[in-house]
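Notes follow once the structure below has been shown.
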Amino acid sequence: MTEPHIFAVLTGDLEGSSRFKGKHRDELLTKVKDCFDIVEKLLPSQTLVYGFEIYRGDSFQCVLSSPQDSLLAAISLRCCLLAQESFESRLDARISIGIGSIDFLPASGRGAEGDGEAFRNSGLMIESMKKSKRKTKITTPWPHINKEFEVMCILFDALSQRWSREQAQAVLGRMRGWNQETIASQLSISQSAVSQRLKLAGSTAVEYFVEYWKKRIEEKISGEMDKTDMIKMG
């Protein structure tokens, strides 16, 4: 029996978007779609199965073939939303990352119509996040992995909740792989200002979080594949 491919589904809700009406809502959606575009471009092209799409007004979803990139995508998107300067209200989102197999991917290209373990793990958790006021949640088929990253997600939420727009801009630069000189050039500020923003934002911890997730999930998926190979040989 072939081991099913493991995907990542990101399901999210924009926070406070109901405050925006008419022209302001059009501006909001334009900014959100710009953020989607930024995040999609920083991911490897082969990773994106279905790009971000908005559905039910304030919700969005995307499908990735590489779960290793899912946390980078989620954090980068939140950074981009928090970094927006043209709105009086703080923009943010709840994002639920679901890891697992997928049973159905629609030919229509609408990821929100898909079904399978990854979709269920992502979609079911987004509802509970509203009640608990969580911003980041990871649900995998492996309980010990869920438990391990639950604490990390809670700590990340507490850290990112304090970010200013300027700090979110700087962290987004790091998520894009830019060094401090490049971030300074892009934001038209000094390198020392960038360094201070990154320090206050706890950027080093965020980068370790992203890299640890990537390494941990790679090890887990590789281990599951090895088990399947051993069963075949047996």
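Structure above, values below:
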quantity: Unique residue being loosely packed, with under 15 Cβ neighbours inside 10 Å, under 25 Å from Leu14 (Cβ atoms) and modelled with pLDDT under 95 when the list is Glu127, Glu113; calculated: Glu127
quantity: First in the stretch 149-164 and under 17 Å from Arg197 (Cβ atoms), second anywhere and at pLDDT 95 or above and part of a helix (DSSP H, G or I), Cβ under 6 Å, 6 or more apart; calculated: Trp163/Leu82; Trp163/Ala201
quantity: When residues of the stretch 131-144 are limited to those that are in a helix (DSSP H, G or I) and more than 15 Å from Gln161 (Cα to Cα), the one modelled with the lowest pLDDT; calculated: Lys131
quantity: Neighbours by Cβ (under 9 Å, 6+ apart or cross-chain): first from the stretch 116-129, under 9 Å from Asp103 (Cβ atoms); second surrounded by fewer than 19 Cβ atoms within 10 Å (Cβ to Cβ) and polar (S, T, N, Q); calculated: Gly116/Ser101; Glu117/Ser101
quantity: Flag for Asp26 being over 24 Å from Lys133 (Cβ atoms), assigned to a helix (DSSP H, G or I), modelled with pLDDT of 90 or more and of a type in the set (Asp, Glu); calculated: no
quantity: Output for the stretch 157-201, where each listed residue is small (Gly, Ala, Ser), surrounded by fewer than 20 Cβ atoms within 10 Å (Cβ to Cβ) and under 18 Å from the mean Cα position of the chain (by Cα); calculated: Ala158, Gly177
quantity: Test for Ser89: is it of a type in the set (S, T, N, Q) and either at pLDDT 90 or above or assigned to a helix (DSSP H, G or I) (or both); calculated: no
quantity: Residue that is farthest from the chain's Cα centre (by Cα) [pool: residues in the stretch 46-71 that are surrounded by 24 or more Cβ atoms within 10 Å (Cβ to Cβ) and outside any strand (DSSP E or B)]; calculated: Pro67
quantity: Of all residues in the stretch 164-213 being polar (S, T, N, Q) and not in a helix (DSSP H, G or I), the one that is nearest to Leu82 (Cα to Cα); calculated: Ser164
quantity: Ile97 being in a strand (DSSP E or B) and either small (Gly, Ala, Ser) or touching a residue at least 60 places away in the same chain (Cβ under 8 Å) (or both); calculated: yes
quantity: Single match in Leu29, Leu43 (criterion: surrounded by fewer than 17 Cβ atoms within 10 Å (Cβ to Cβ) and out of contact with any Phe, Trp or Tyr (no Cβ under 6 Å at 6 or more places or on another chain)); calculated: Leu29
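The values are calculated or read from the model by the stated rules, or taken from the named source; none is laboratory data. Because the structure is predicted, anything quoted here is derived from the model rather than measured. Here the Cβ is made from the backbone with ideal geometry for all residues, glycine too, and neighbour counts use every protein chain on show.
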